[in-house]
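In what follows, a structure is listed as structure tokens, so that the remarks can point back to it.
A short reminder: the numbers here are calculations on the coordinates, not readings from a lab. Please read all numbers here as calculations on a predicted model, not as lab measurements. Ideal geometry is used to build each Cβ from the backbone, glycine not excepted, and the neighbour counts take in all protein chains shown.
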Amino acid sequence: MIAGREIALGALSVPGASVWQSIDAASDAGFDSLGLRVFDDTADEPNPLVADVAFRRETIARLQHHGLAVLDVEVVRLNERTNTEACRTALECAAALGARAVLVVGWDDDETRAIESFRALCEAAAEFGLRPALEFMAFSAVPDLEQAQRIVDAACHPAGGVLIDALHLRRSGAEPADVEAFVASHCERVVYAQLCDAPLAGPPARKSGLAEAAADRLAPGEGELPLRCFIDALPAGVPLSIEAPIAALASLSPSARANYVMKATRRLLTGER
């Protein structure tokens, strides 16, 4: 815990790391928890956490050995092919790992269908004690906080919530004041938040917002985003997942990358140098 908040290592901060490498890296850097990829609908091979019971048991043992929790599992993509029943095995796996949230992204331009899919996912996830959190991204079918709020409100399920990412908030044209206004009326909908840094201006035309988000962010406190105001706008105690894939650190080990972003996060939250 730093400044009263759980700090998680986001899966994207250690790209290419195996499950066990991610766990070791999170523990070595002093994180409280981490995010793991469980829903791999674009992968060529089945996710071993879901398909291999022995591997999952060993993973749980490693988590317990290190005293680490699992904050979230990734990633459910809402689109025209979303099949909630097909997610149940992965949801069961997530619950076995002790996860609390399911990261959801929207790629369905049909909002009515997206609402129905999100509601069905919430119903299934709630059976396993999980909360789906819909993340908005300017380049997705859910581009901003307003639309994420509309979908979650229309789905009308207590398990459903919103994931607010500092980078995506800025790129959607919103500010911490918008988060503060959302929290004032929807405090219970903020499941967790993702923290990173970046220049205030978006990427140049030759680089897409997706490329920036996936591989070219900055560690918290090393860019220009108003992160202190962002954090202050969040509900007290909401976990922070450090989602900071940094291109300049691509050659470093998962542990080195995790240590780098944790040190930056600690400096930001405590003022220590």
Quiz item: How many percent of DSSP beta bridges within region 7-257 run antiparallel, rounded to 5?
Solution: 5
Quiz prompt | Hydrodynamic radius of the chain per Kirkwood, over alpha carbon pairs, in Å | solution = 18.6
Quiz item: Per residue, what volume in Å³ does the convex hull of the Cα atoms of region 172-257 enclose?
Solution: 111
Quiz prompt | Largest-first principal axis extents of the Cα set of region 129-212 (Å) | solution = 41, 23, 21
Quiz item: Over the chain, what relative contact order in percent results from Cα pairs under 8 Å that are six or more residues apart?
Solution: 22
Quiz prompt | 3J(HN,Hα) from dihedral phi, region 124-137, Karplus parametrisation 6.51/-1.76/1.60, rounded to Hz, x for glycine, proline | solution = 5, 5, 4, 4, 10, x, 10, 10, x, 10, 7, 9, 9, 9
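Could you give the C-alpha radius of gyration of region 5-46 expressed as a fraction of 2.2 N^0.38 Å, taking N as the number of residues it contains?
Working: Rg = 11.1 Å, N = 42, 2.2 N^0.38 = 9.1 Å.
That ratio works out to 1.22.
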Quiz prompt | Cα-projected label distance for Asp109 with Ala214, points at 7 Å along beta-carbon direction, nm | solution = 2.0
Quiz item: Between region 117-166 and region 235-273, how many Å separate their Cα centres?
Solution: 25
Self-check item: CD proxy at 222 nm, helix term only [per DSSP H run n ≥ 4: -39500 (n - 2.57); per residue of the chain; nearest 500]
Solution: -12500 deg cm²/dmol
Practice problem: Could you go through region 85-92 in sequence order and give the Karplus-derived ³J(HN,Hα) for each residue, using 6.51 cos²θ - 1.76 cosθ + 1.60 with θ = phi - 60°, rounded to whole Hz, and x for Gly and Pro? | Solution: 4, 5, 7, 4, 5, 5, 5, 4
Quiz prompt | Amide H contacts of Arg131 (H built 1.01 Å from N, under 5 Å, at least 5 apart or other chain) | solution = Ala101, Val102
Self-check item: Of Asp24, Asp144, Asp110, the one that fluctuates the most in a GNM where the chain has Cα springs shorter than 10 Å
Solution: Asp110
Quiz item: Can you list residues whose amide H is under 5 Å from Ile164's amide H, if they're 5+ apart or on another chain and H is modeled 1.01 Å from N?
Solution: Tyr192, Gln194
Quiz prompt | For region 180-187, 3J(HN,Hα) per residue [Karplus equation, 6.51 cos²θ - 1.76 cosθ + 1.60, θ = phi - 60°, Hz, x = Gly/Pro] | solution = 4, 5, 5, 4, 4, 10, 9, 3
